[in-house]
Amino acid sequence: MPGKITLKKNDVLIGYDEINADIYFILDGIIRGTIINGDGIERTVGFGLCGTMIYSAQCYSVGNPSIYQFQACCDTVVLRIKKTEFDRHIAEDHEFCKWVLGSFSLTICYKELRNEGLNGDALFKYKWLKEKRPEIINLVSDKIIASYLNITEVHLSRIKSKILKEKS
């Protein structure tokens, strides 16, 4: 049976090396996905906003531990659907299956657009985020945004200063 879960800021939905094959839909709030790179540094690789489906592909598809961590950036509410129930709906309900396929397609489209928008320098990337995803800029800490943009917090501060100067 699906169930709502309320997460507080910084609560972990799915942790590194955890096996959790369930599916989650964000009803309110923001979830970030992180990975630990080859240097042992945690890096934010994406954000999920309202309507986003969150799951660990490693857990769901092959039963391996998650290589990502999914963590609330602010108070967040998700709907949890157990893998067994999700799989049953996929097998039995043609409309549900079409809806899931549409969700996956939109996710891929968003990733393509995000990759297109994040191909410039750090200033361009921040402006793109500010224009296209203002809720992230407003609700997520600068430390996490800098991690997502793969820059330091000091560099992000300089970028924000430069944008303020451009406006005046």
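The values are calculated or read from the model by the stated rules, or taken from the named source; none is laboratory data. All values reported here derive from a predicted model rather than from experimental measurement. Using ideal geometry, Cβ is built from the backbone for each residue, glycine included, and neighbour counts are taken over all protein chains shown.
When PHE70 is tested against (1) at pLDDT below 95; (2) buried (at least 20 other Cβ atoms within 10 Å of the Cβ), only condition (1) is not met.
Which residue is nearest to LEU139 (Cα to Cα), if the candidates are limited to the range 1-16 and must be of a type in the set (A, V, I, L, M) and outside any loop (DSSP other than H, G, I, E, B)?
Within the range 1-16, the subset of a type in the set (A, V, I, L, M) is 1, 5, 7, 12-14.
Still in the list and also outside any loop (DSSP other than H, G, I, E, B): 5, 7, 12-14.
Working: ILE5: 20, LEU7: 15, VAL12: 17, LEU13: 18, ILE14: 21 Å.
Restricting to residues being of a type in the set (A, V, I, L, M) and outside any loop (DSSP other than H, G, I, E, B), the top hit is LEU7.
Of all residue pairs spaced 6 or more apart or on separate chains, those with beta-carbon atoms under 7 Å, a first member in the range 74-93 that is assigned to a loop (DSSP other than H, G, I, E, B) and a second member that is surrounded by 14 or more Cβ atoms within 10 Å (Cβ to Cβ) and of a type in the set (Gly, Ala, Ser) are CYS74/GLY29; ASP75/GLY29. Mind listing just one residue for me: the one in the range 17-55 that is modelled with pLDDT of 95 or more and in a loop (DSSP other than H, G, I, E, B) and, of those, surrounded by the most Cβ atoms within 10 Å (Cβ to Cβ)? Filtering first and then ranking leaves ILE30.
Does ALA146 satisfy the criteria of being modelled with pLDDT under 90, in contact with a Leu (Cβ under 7 Å, 6 or more places away or on another chain) and not charged (D, E, K, R)? If you could, list the steps in order and put the result at the bottom.
On the way: modelled with pLDDT under 90: no; in contact with a Leu (Cβ under 7 Å, 6 or more places away or on another chain): yes; not charged (D, E, K, R): yes.
Considered against the rule, which asks whether it is modelled with pLDDT under 90, in contact with a Leu (Cβ under 7 Å, 6 or more places away or on another chain) and not charged (D, E, K, R), ALA146 comes out as no.
The test for being out of contact with any Asp or Glu (no Cβ under 6 Å at 6 or more places or on another chain) and in contact (Cβ under 8 Å) with a residue 60 or more places away in the chain holds for ILE136.
Looking at SER66, SER141, SER103, just one residue is in contact with a Cys (Cβ under 7 Å, 6 or more places away or on another chain) and in contact (Cβ under 8 Å) with a residue 40 or more places away in the chain, and that residue is SER66. Do the conditions hold for LYS130, that is, is it farther than 15 Å from VAL45 by Cα and either in a helix (DSSP H, G or I) or in contact with a strand residue (DSSP E or B) (Cβ under 7 Å, 6 or more places away or on another chain) (or both)? Against the criterion (farther than 15 Å from VAL45 by Cα and either in a helix (DSSP H, G or I) or in contact with a strand residue (DSSP E or B) (Cβ under 7 Å, 6 or more places away or on another chain) (or both)), LYS130 qualifies. Within the range 133-152, being part of a helix (DSSP H, G or I), surrounded by 14 or more Cβ atoms within 10 Å (Cβ to Cβ) and not small (Gly, Ala, Ser) holds for GLU135, ILE136, ILE137, LEU139, ILE144, ILE145, TYR148, LEU149.
So, ASP11, is that one of a type in the set (Asp, Glu), within 23 Å of PHE86 (Cβ to Cβ) and in contact (Cβ under 8 Å) with a residue 60 or more places away in the chain or not?
Values: of a type in the set (Asp, Glu): yes; within 23 Å of PHE86 (Cβ to Cβ): yes; in contact (Cβ under 8 Å) with a residue 60 or more places away in the chain: yes.
So ASP11 passes the test.
So that you can scan it fast, the table gives a plain yes or no per residue for (1) farther than 16 Å from GLY46 by Cβ; (2) β-branched (Val, Ile, Thr); (3) at pLDDT 90 or above:
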| position | (1), (2), (3) |
| --- | --- |
| VAL100 | yes, yes, no |
| SER105 | yes, no, no |
| ILE108 | no, yes, no |
| ASN119 | no, no, no |
| HIS155 | yes, no, yes |
| ARG158 | yes, no, yes |
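If only residues of the range 1-16 that are closer than 23 Å to ILE90 by Cα and more than 13 Å from the chain's Cα centre (by Cα) are counted, the one that is modelled with the lowest pLDDT is MET1. Kindly indicate whether ASP87 is loosely packed, with under 14 Cβ neighbours inside 10 Å and either over 18 Å from CYS50 (Cα atoms) or out of contact with any Gly (no Cβ under 7 Å at 6 or more places or on another chain) (or both). So ASP87 fails the test.
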